[in-house]
Every structure is written in C-alpha cells, then in structure tokens.
1. So how many residues does segment 27-56 have that are hydrophobic (A, V, I, L, M, F, W, C), within 17 Å of R13 (Cβ to Cβ) and over 31 Å from the mean Cα position of the chain (by Cα)?
2. If you go through segment 84-105 one residue at a time, how many are in a helix (DSSP H, G or I) and either modelled with pLDDT of 90 or more or within 11 Å of I65 (Cβ to Cβ) (or both)?
3. Would you check which residues across segment 9-33 are part of a loop (DSSP other than H, G, I, E, B) and surrounded by 12 or more Cβ atoms within 10 Å (Cβ to Cβ) and list them?
4. Given R39, R94, which one is within 30 Å of I17 (Cβ to Cβ), surrounded by 11 or more Cβ atoms within 10 Å (Cβ to Cβ), among the charged types (D, E, K, R) and touching a helix residue (DSSP H, G or I) at 6+ places or on another chain (Cβ under 7 Å)?
5. Please verify whether segment 59-78 includes one or more residues that are small (G, A, S), surrounded by fewer than 14 Cβ atoms within 10 Å (Cβ to Cβ) and over 30 Å from Y113 (Cα atoms).
6. Given (1) at pLDDT 85 or above; (2) among the acidic types (D, E); (3) open to solvent by 70 Å² or more (accessible area, probe 1.4 Å), identify the lone condition not met by D109.
7. Need the failing condition index for T2 against (1) open to solvent by 100 Å² or more (accessible area, probe 1.4 Å); (2) among the β-branched types (V, I, T); (3) assigned to a helix (DSSP H, G or I), just the number.
8. Among all residue pairs at least 6 apart or on different chains, which show Cβ distances below 9 Å where the first residue, located in segment 98-109, is basic (K, R) and the second is in a helix (DSSP H, G or I) and open to solvent by 100 Å² or more (accessible area, probe 1.4 Å)?
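The values are calculated or read from the model by the stated rules, or taken from the named source; none is laboratory data. Nothing here was measured: the structure is a model prediction, and the numbers come from that model. Neighbour counts are summed over all protein chains in view; Cβ atoms, including those assigned to glycine, are modelled from backbone coordinates with ideal geometry. With ligands, DNA and RNA removed, areas are computed over all heavy atoms of the protein, side chains included. Shrake-Rupley method; radii C 1.70, N 1.55, O 1.52, S 1.80 Å.
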Amino acid sequence: MTRVKRGYTARRRRKKIRLFASTFRGAHSRLTRMTTQQRMRALVSSHRDRSRKKRDFRRLWITRINAVTREDRLFYSYSLFIHNLYKRQLLLNRKILAQIALSNKNCFDIISYKIINQKENINQIKEEKNLTS
C-alpha cells in the first residue's frame, strides 16, 4: 500500500507558532508543546499589562503632580489641588498637568495660584453678601 503524505495545515500552524516564539529562550522556542504554552502565556500577559500600563502611568502622573504641589505650600496637597480644579471647571487631565509640572514649573505655579486666589475671592464675596443681608 502506498504511503499517504499528510497535508500542510498542521505544519503551517506549528510554523506560525514557532515564528512567534522564535525569540524565547531554550526549549520555549524549540519544542512545539512548550511554544504553544508560552505563546498563550505571552498573549495573556500582554492583554493584562495593556490595562496595567494605563494604571501605572496614572499613578506616576499623580505622584509627580503631588510632589510639585507640596513643594512650596505647607498645607496644600494633590487632592486639594484636583478638588479646586474641578470646582473652577478647569478641565486639564493629569497627563497634561504632570507634563506642565515637569517642563514648565512657573506655568504650573501660575495655575495653582490662580485657583487659590479665585477661592479666596469667592470666600470674600460670600462674606460680603452675608454682611449686607
């Protein structure tokens, strides 16, 4: 009886997986079962770390903003700064604020002092209204 040569579907699939795992070390790039396991593991990790990266960058931006806001003023923190930003309806996201804080500290100080001065002006107006009524 003549021998039947197998098709190329499985070979093509394994070749594609091997190509994906070609940069892995040792048996993880050579043995088929290992390469499929490592490929699944790599894809799971990349999916998990895409959302993790967003989280880590947000933490970094918050840390940078907090460090700059606490530099000069004694009783002023990140949470107060963000709270006052929202009250004044200044819509600047944390990424932009962190970039301003790093690259142009004078501009960041102008923004924070403007927020503080507006807060004091609003308090004075409220006191004047209470005195007159």
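1. The total comes to 2.
2. 11
3. If the condition is that a residue be part of a loop (DSSP other than H, G, I, E, B) and surrounded by 12 or more Cβ atoms within 10 Å (Cβ to Cβ), then A21, F24, R30, L31 are the ones that fit.
4. Going through R39, R94 in turn, just one is within 30 Å of I17 (Cβ to Cβ), surrounded by 11 or more Cβ atoms within 10 Å (Cβ to Cβ), among the charged types (D, E, K, R) and touching a helix residue (DSSP H, G or I) at 6+ places or on another chain (Cβ under 7 Å): R39.
5. no
6. Unmet for D109, out of (1) at pLDDT 85 or above; (2) among the acidic types (D, E); (3) open to solvent by 70 Å² or more (accessible area, probe 1.4 Å): (3).
7. That leaves (3) as the condition not met.
8. K105/E71
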